[in-house]
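The values are calculated or read from the model by the stated rules, or taken from the named source; none is laboratory data. Note that the coordinates shown come from a computational prediction; the quantities given were computed from them, not determined experimentally. Note that we place each Cβ from the backbone using ideal geometry, even for glycine, and neighbour counts take in every protein chain shown. Calculation scope for accessible area: heavy atoms of the full protein, side chains included, ligands and nucleic acids excluded. Shrake-Rupley method; radii C 1.70, N 1.55, O 1.52, S 1.80 Å.
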Amino acid sequence: MKGLIHYFFANYFRTYKYVPPVSIFIMMLVINYAYTSNPIMSSYSFTSLMLFFIMGWVTISILHAEDKDQKEITIMHAKNIRGYYLALVINCVMVGLIFSIVAVAYPIVFHAFSPGLHIDHIVIGFLAHFSLSLLSIALSLFFTRELVKSDVNTWWGVTSILIVSLVLAVAKVDILKIKLINWLLPPLRYSLDIMSVDDEIIFLSGQIYWKFGWIFIYSLILITIYIAVVQKRRIL
């Protein structure tokens, strides 16, 4: 597994497909924090949403870094279809983790926040970025070439599911009042609810952990389903 993870990371690095999303990510941070002082929670909320969309781009570029022939050769050498896709997902998660750390640390290092920064702000900021990164990865996986044959449909699919998730999160629609449907929909709204509090927050309540925890659990469930589906399709 470690060898596969290292190979996928090195292969992705050689493709230079990371250059556009990384460049946009850096530009986003520089522009967002160009002027000081900035409110803490709303700034972290904005950059976590931007990272939500950027990680969809990163996920597709990592999963499609190999051409189809090279992919078959790698799977043959790996001798483990489940391990192959799990290693790809781990690479996506690692990128999301790095981006999350940078997004949280950048305004702190450059003193871009208003006075009153507390350790709880940093913890919530990291959880917001990393949870939405994982959610974006989980949603985007279902539009990779293993399940969607057309590249055009892949990009339209990823863009659409991420936008729809955001719209459902901010829209006050009656469908969200149905508990069963509410549990099935992407829980992006939980992060937005938490991040909508003002900068006066100085402690982490159990509800905050529960909401972020559900985003992580929801994402892991989707990732597990994706790996099971692609593994079954390969066997058939």
Counting only residues that are in contact with a helix residue (DSSP H, G or I) (Cβ under 8 Å, 6 or more places away or on another chain), in a helix (DSSP H, G or I) and farther than 30 Å from A10 by Cα, how many does segment 87-124 have?
4
Of all residues in segment 183-199, how many are in a loop (DSSP other than H, G, I, E, B) and under 23 Å from S160 (Cβ atoms)?
3
Test set (1) open to solvent by 40 Å² or more (accessible area, probe 1.4 Å); (2) closer than 25 Å to I122 by Cα; (3) in contact (Cβ under 8 Å) with a residue 12 or more places away in the chain; (4) in contact with a helix residue (DSSP H, G or I) (Cβ under 9 Å, 6 or more places away or on another chain) - F52 fails condition number
(1)
Looking at S43, S37, can you tell me which residue is among the polar types (S, T, N, Q), modelled with pLDDT of 90 or more and over 17 Å from the mean Cα position of the chain (by Cα)?
S43
Answer residue from segment 106-149, given it is touching a Pro at 6+ places or on another chain (Cβ under 8 Å) and under 14 Å from P39 (Cβ atoms) and is least open to solvent (accessible area, probe 1.4 Å) among those:
F113
Looking at (1) open to solvent by less than 50 Å² (accessible area, probe 1.4 Å); (2) closer than 19 Å to H129 by Cα; (3) free of Cβ contacts under 8 Å to residues at least 60 places away in the same chain, find the lone condition where M41 falls short.
(3)
Among the residues of segment 5-19, is there at least one that is open to solvent by less than 50 Å² (accessible area, probe 1.4 Å), assigned to a helix (DSSP H, G or I), over 19 Å from L134 (Cα atoms) and free of Cβ contacts under 8 Å to residues at least 40 places away in the same chain?
yes
Part of a helix (DSSP H, G or I), modelled with pLDDT of 90 or more and under 18 Å from F130 (Cβ atoms), is that true of I227?
no
The one condition in (1) touching a helix residue (DSSP H, G or I) at 6+ places or on another chain (Cβ under 8 Å); (2) surrounded by fewer than 17 Cβ atoms within 10 Å (Cβ to Cβ); (3) of a type in the set (S, T, N, Q) that S61 fails to fulfil:
(2)
